[in-house]
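K.L.:
Take a look at this one; I'll ask things after.
The values are calculated or read from the model by the stated rules, or taken from the named source; none is laboratory data. Small disclaimer: the values here were computed from a predicted structure and weren't measured. Reconstructed Cβ throughout: ideal geometry from the backbone, glycine too, with neighbour counts over all protein chains shown. With ligands, DNA and RNA removed, areas are computed over all heavy atoms of the protein, side chains included. Shrake-Rupley method; radii C 1.70, N 1.55, O 1.52, S 1.80 Å.
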Amino acid sequence: MTVIARFEQYQTMEKMNNGVSLSNTAVVLTAINHSAGAFEELARKRNPSQEDSGQLFAIRTPGRRVTKERRKVDQLSWRPTYGEIARVDKIWEAARFPNRSAFVEATLDAFLPPLKPKPPKIKAN
């Protein structure tokens with residue numbers, strides 16, 4: 001389940017339940033606020049140890065591909081103010097995330113509800 005699919009479902013459900021279509025920025029900032037106080041824990045869960053025990057080089061290091069499969073890349077557009085982005089950058093660096101994108105993805109993942117299953121398609125006879 002991708003964070004983007006859950007993000008889109010969340011926005012749709014908010015519009016259906018509250019009649020308000022939240023902006024991407026509003027959802028991202030809500031997710032960050034929701035995760036306040038747990039940033040370091042989220043970073044630890046997302047970033048495995050950089051050292052494989054007993055090995056000269058770490059194979060599984062954040063940011064390194066270890067398989068040849070093509071990666072699907074989803075991108076989320078949001079528009080924070082300069083002040084907000086400066087604050088976000090201080091937070092993700094202090095929490096030891098590898099980058100801003102990893103921080104935003106982790107906070108969204110912690111905040112967004114799981115995907116609701118789609119109803120099965122009914123075949124016509």
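K.L.:
Given the options R100, R79, R96, name the one that is touching a residue at least 12 places away in the same chain (Cβ under 8 Å), at positive phi and either out of contact with any Gly (no Cβ under 7 Å at 6 or more places or on another chain) or open to solvent by 50 Å² or more (accessible area, probe 1.4 Å) (or both). Can you show your working first?
P.N.:
On the way: R100 fails: at positive phi; R79 fails: at positive phi.
Of the residues listed, the single one that is touching a residue at least 12 places away in the same chain (Cβ under 8 Å), at positive phi and either out of contact with any Gly (no Cβ under 7 Å at 6 or more places or on another chain) or open to solvent by 50 Å² or more (accessible area, probe 1.4 Å) (or both) is R96.
K.L.:
Residues of the stretch 84-93 being under 22 Å from L22 (Cα atoms) and open to solvent by 50 Å² or more (accessible area, probe 1.4 Å), which ones?
P.N.:
Result: E84, R87.
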